[in-house]
Amino acid sequence: MGPRRHGLLLGGALAALLTAGLPAQASASSSPVFDDPPPDKIVINVATVNGSGCPAGTTAVAVSEDNEAFTVTYSSYLAQAGGSSDPTAFRRNCQLNLVVHVPGGFTYAIASADYRGFASLQPGATGTQRASYYFQGSSNTAAASHPFSGPYDDNWQATDTTDWAQLVWAPCGVQRNFNINTELRVTAGSANPGKVSFMTMDSTDGEISTVYHLAWKQCPGK
C-alpha cells in the first residue's frame, strides 16, 4: 500500500534535489507508509520572506485542516514591461524560508506545487513563471519554468509534476528549513513595446493561493 496521493505530483528535478540534499541514514523511505495524514496539525512558520514580489505584510501561509496541503497567499506580486513601466519591474521574485514543524514520529514530502495568477500579454510579449526549491544546508537547487506567450489575456495555472515513486522525504529527527523561491518575468517584445504587458500571482480580489500538497510517512522506530 503506497502513500496517500494528494493531488498532482512535484517535478522530477525537485525529487532529485531532495535526494541529493538528504543524508541517506536519515531517510524514511524504508519505513511504513500511511494512507492518511497524522491526526495532529502541522505548524508552518515563515522564518523570512524577501523579494520584490512580496513586500512586508503581503504574504501569508496557512495549513489546511486535514494536513494535506499548505497555501501561500500573495497580495502584491506583479511583473510588467512595456509602456512607461519601471525598467526594473519586468522581474519580481519572492523567497520564502519556512520552518515546518511536523507531528512527532512523522516525516513529510512535498507532493505537488500548483501556481495560479493572471496574465495580460501583448502580441510578441512573453511571460515566465519559475520556481526553485531546496532544503537549508543543501548546495543544490532544482527549478522548473513555465513560459507564456502573447497575445494572452486570461488566468494562468502551472503545476510541477513527477512520478509518485520518486517522492523523497524530509529527514526524521532533523530540523531543516524549506526554501521556495518563485519568480515572475515579463518581456514587452518588439510588436507593441509601447503597451504594457503584465503577469501577476494574485487575483482581482487582491490575493491568490499557491498550494503545496503533502504526503506523509511514519519515521523509523515509531
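Things worth noting here:
- Between Lys41 and Val63, the distance separating the two model label sites (each 7 Å from Cα on the Cα→Cβ line) works out to 0.8 nm.
- Length gained on full extension, Gln218 to His101, computed as 0.36 nm times the residue gap minus the Cα-Cα distance: 40.7 nm.
- Packing order of peptides 40-46, 119-125, 80-86, highest average first: 119-125, 80-86, 40-46 (average count of other Cβ atoms within 10 Å over each peptide's residues).
- Calculated FRET value between Thr71 and Ala191, using beta carbons and R₀ = 45 Å, to 0.05: 0.80
- The length gained by stretching the chain between Asp86 and Thr48 to full extension, at 0.36 nm per residue less their Cα-Cα distance, is 11.0 nm.
Here, each number is a calculation from the coordinates, and none is a lab measurement. Quick caveat: nothing in here was measured; it's all calculated off a predicted structure. With ideal geometry, Cβ positions are generated from the backbone for all residues, glycine too; neighbour counts draw on all protein chains shown.
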